[in-house]
Amino acid sequence: MMKKLTYSLLTSTLFDGIPRGLVFSPDGEYLLVESWTSIQNSPRVGTIHVFNTLTLDCLNIYSINDQIPYGFTINPVGGDIATFSCEGLTVRDMITGNIISKTDRTDFECACYSPDGKKIVLSSGDEALFTFIIESGALIKGTDHPQTATTICPVSEDTFLIATVAQEGSMFWFARMDEQGSMQRIKGKGKWFDETVLTVSYDVNTNLICAINTIVHIFEYPIGGWQADFDKDGDFLWPGDEVIPSSRGEEYDWSNPIFLGSSGVVACESPEGLFFLDLNAQQKIGIFEGHSVGQRYLAYHAGKKLLASVGDDGVCIVRKVDIDG
């Protein structure tokens, strides 16, 4: 039986700058949005907006003083965030922006915290994985990889899922942290795609991987077996169905995929709108108006059942989403 979705808009607000990501604090009290601005052809400068989740009142805005910011990640245990850019990695107090620690090395394009909140796994611009130990400030080099990373996310305490792209195609694969903290690639696991764009997420409740390029792919972890595909309209694709490629512009208009807790539902934005996909029933259970243009980002807080989105249209939205069945 297909799940039933109840969806309501709580609040929305406008903000300055072009978004680079958003995330809820672990307790769901705050919503953080990173954006960048460029004035008179000067380098891009990053800014963090801290909002009250339920009202989207802006509690603080602070510059992260990073040129060409690539994104940020939040400590799952709470208290701090890490921003990464062409100037390196900086760990900051989540609310005030005060610096806690930083790396000497420059140019990190992708990062995420370990589940215990004590380490950060990063990918460098010269295509290698690193581990940053927050307490000691040690930066440990791990495996090289031949592509640019777009996503890093944990699947366990010591194993991470990485998506990478290059001119010839894209793929996701796995790396494990050894006792010294060095990230080493796990051989023989991963998926290759011909498209040159890829974003992934992992759901600890169902052990499913959602990978998005021109369509939505669902895989089982750790076996890697295919579960389902959905096209740009959110329609389920049966094996053997012809996939009509999206234009290059549409390829980059998908948001990061978000699993909605243990419901077995994934949310993502495409050029057609905001989709909710029931993975068990292999059906689209809802489509709503999303952001009008450009890059989009989603975040979900399972405890409060809140879904937030932000887009290049300069709008930040918080919705209440309940799923039954």
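Based on what the data block shows, is residue 10 touching a residue at least 60 places away in the same chain (Cβ under 8 Å) and farther than 19 Å from residue 117 by Cβ? Lay out the reasoning, then the answer.
Values: touching a residue at least 60 places away in the same chain (Cβ under 8 Å): yes; farther than 19 Å from residue 117 by Cβ: yes.
So residue 10 fits the description; yes.
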Requested in this report: Output the number of the condition that residue 307 fails; it satisfies all remaining conditions of (1) closer than 20 Å to residue 11 by Cα; (2) in a strand (DSSP E or B); (3) at pLDDT below 95.
Outcome: (3)
**Report entry** Given (1) surrounded by fewer than 16 Cβ atoms within 10 Å (Cβ to Cβ); (2) modelled with pLDDT under 85; (3) polar (S, T, N, Q), number of the condition residue 85 does not satisfy
**Finding:** (1)
Report summary line: Taking the stretch 48-89 and keeping only residues that are over 19 Å from residue 150 (Cα atoms) and among the hydroxyl-bearing types (Ser, Thr, Tyr), one is left with 53, 55, 62, 63
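Report the residue count in the stretch 182-195 for those that are in contact (Cβ under 8 Å) with a residue 40 or more places away in the chain and either crowded, with 18+ Cβ neighbours inside 10 Å or of a type outside the set (Lys, Arg) (or both). Before the answer, list the steps.
Within the stretch 182-195, the subset in contact (Cβ under 8 Å) with a residue 40 or more places away in the chain is 182-185, 195.
With either crowded, with 18+ Cβ neighbours inside 10 Å or of a type outside the set (Lys, Arg) (or both) added as a condition, the list becomes 182-184, 195.
Matching residues across the stretch 182-195 total 4.
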Requested in this report: Hey, can you tell me all the residues within the stretch 178-218 that are touching a Gly at 6+ places or on another chain (Cβ under 8 Å), of a type in the set (Lys, Arg) and in a strand (DSSP E or B)?
Outcome: 191
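Residue by residue through the stretch 289-311, note down the ones that are surrounded by fewer than 17 Cβ atoms within 10 Å (Cβ to Cβ) and either in contact with a helix residue (DSSP H, G or I) (Cβ under 8 Å, 6 or more places away or on another chain) or at negative phi (or both). Before the answer, list the steps.
First, pick out the residues of the stretch 289-311 that are surrounded by fewer than 17 Cβ atoms within 10 Å (Cβ to Cβ): 289, 292-294, 302-304.
Within the stretch 289-311, 289, 292, 293, 302, 303, 304 meet the criteria.
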Query raised in the report: Is it the case that the stretch 222-230 has a residue that's within 17 Å of residue 267 (Cβ to Cβ) and polar (S, T, N, Q)?
Result: yes
Query raised in the report: From the list 127, 29, 87, which one is charged (D, E, K, R) and within 22 Å of residue 310 (Cβ to Cβ)?
Result: 29
Query raised in the report: Out of all the residues in the stretch 16-33, is one or more at pLDDT below 95 and of a type in the set (Ser, Thr, Tyr)?
Result: no
Query raised in the report: Any idea how many residues of the stretch 186-211 are hydroxyl-bearing (Ser, Thr, Tyr) and either over 19 Å from residue 234 (Cβ atoms) or modelled with pLDDT under 90 (or both)?
Result: 3
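If you take the residues in the stretch 269-288 that are in a loop (DSSP other than H, G, I, E, B) and surrounded by fewer than 20 Cβ atoms within 10 Å (Cβ to Cβ), which one is modelled with the lowest pLDDT?
Taking the stretch 269-288 and keeping what is in a loop (DSSP other than H, G, I, E, B), we get 271-272, 279-282.
Remaining after also requiring surrounded by fewer than 20 Cβ atoms within 10 Å (Cβ to Cβ): 271-272, 280-282.
Working: 271: 77, 272: 81, 280: 85, 281: 86, 282: 88.
Among residues in the stretch 269-288 that are in a loop (DSSP other than H, G, I, E, B) and surrounded by fewer than 20 Cβ atoms within 10 Å (Cβ to Cβ), the one modelled with the lowest pLDDT is 271.
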Requested in this report: Could you run through the stretch 291-325 and say how many residues are free of Cβ contacts under 8 Å to residues at least 24 places away in the same chain and either farther than 21 Å from residue 52 by Cα or of a type in the set (Gly, Ala, Ser) (or both)?
Outcome: 2
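The values are calculated or read from the model by the stated rules, or taken from the named source; none is laboratory data. Note that the coordinates shown come from a computational prediction; the quantities given were computed from them, not determined experimentally. So basically every Cβ, Gly included, is an ideal-geometry build from the backbone, and we count neighbours across all protein chains shown.
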